[in-house]
């Protein structure tokens, strides 16, 4: 689904339901857009991850882990060769939107690729199906494209990947974005802007005019007016991604 189709559909939903979506609604929509609810592999994924960590603890690889929430809502993070957050101006976040049934195998591939190539990165994954798949924050943005080329050369990506949400530009179906990861994430910032955009359109009675170029103009103007450097960085990252999508250009 295109950005324009997404925006038009939300506008119709708001008219029909007579309510404006908030940022939590948009965050959920973006993360699960086009995905059927599925947590059937939750235990398999967790068992694989536990076994992998057990083996990793007997090696000399430097890593750290974090878990958010439990059960089907659990999100796991593992950082390789890192001891602090990435410099957001130097980092690049990659969405490897692998289909749920291939998640365990893809995690193994990603982990081993990062370890064998001594790459500083943090990996995030959920134990239930999302359109994010595996999210990798490369501390050095120059490490991202070789990984994407590796995946393109070793997998039939059109059969392996889900479609990412409409506002993420891709190379070979693999998404790339930037965000500060301190004040907010790419999806978090985007969700806030979408809430503000549709609230204004609802109040102004201009829902019939929403669209990709109008939204791009809205967020471009917002980024110009933003005085906080980090927030402006996040807004510009979204502007750059949407521009790349609309112009069919590379996001990097």
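Quick check on my filter: what residues within the range 193-208 are exposed (fewer than 12 other Cβ atoms within 10 Å of the Cβ) and outside any helix (DSSP H, G or I)? Give the steps one after another, and end with the answer.
Residues of the range 193-208 exposed (fewer than 12 other Cβ atoms within 10 Å of the Cβ): 203-205, 208.
If the condition is that a residue be exposed (fewer than 12 other Cβ atoms within 10 Å of the Cβ) and outside any helix (DSSP H, G or I), then 205 is the only one that fits.
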Can residue 32 be described as touching a residue at least 40 places away in the same chain (Cβ under 8 Å), surrounded by 14 or more Cβ atoms within 10 Å (Cβ to Cβ) and out of contact with any helix residue (DSSP H, G or I) (no Cβ under 7 Å at 6 or more places or on another chain)?
-> yes
Filtered residues of the range 1-20 (kept if in contact with a helix residue (DSSP H, G or I) (Cβ under 7 Å, 6 or more places away or on another chain) and more than 25 Å from residue 175 (Cα to Cα)) | 11, 14, 15, 20
Can you name every residue in the range 222-245 that is touching a helix residue (DSSP H, G or I) at 6+ places or on another chain (Cβ under 6 Å), closer than 23 Å to residue 8 by Cβ and surrounded by 21 or more Cβ atoms within 10 Å (Cβ to Cβ)?
-> 235, 238, 242
Here is a list of conditions, (1) part of a helix (DSSP H, G or I); (2) modelled with pLDDT under 95; (3) surrounded by fewer than 17 Cβ atoms within 10 Å (Cβ to Cβ), and residue 252 meets all of them except one; can you say which number that is?
-> (1)
Qualifying residues in the range 41-86 (those that are out of contact with any helix residue (DSSP H, G or I) (no Cβ under 8 Å at 6 or more places or on another chain), within 19 Å of residue 128 (Cβ to Cβ) and touching a residue at least 40 places away in the same chain (Cβ under 8 Å)) - the one surrounded by the fewest Cβ atoms within 10 Å (Cβ to Cβ) | 73
Restricting attention to the range 226-235, which residues are part of a helix (DSSP H, G or I) and closer than 22 Å to residue 3 by Cβ?
-> 231, 232, 233, 234, 235
Members of the range 108-130 found to be surrounded by fewer than 20 Cβ atoms within 10 Å (Cβ to Cβ), assigned to a loop (DSSP other than H, G, I, E, B) and on the phi < 0 side of the Ramachandran plot, listed by number = 117, 119, 120
Select from the range 209-221 the residues that are crowded, with 18+ Cβ neighbours inside 10 Å and assigned to a helix (DSSP H, G or I) and list them in ascending order.
-> 212, 215, 219
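The values are calculated or read from the model by the stated rules, or taken from the named source; none is laboratory data. Everything quoted here is computed from the prediction, not taken from an experiment. No Cβ is skipped: glycine too gets one built from the backbone with ideal geometry, and neighbour counts run over all protein chains shown.
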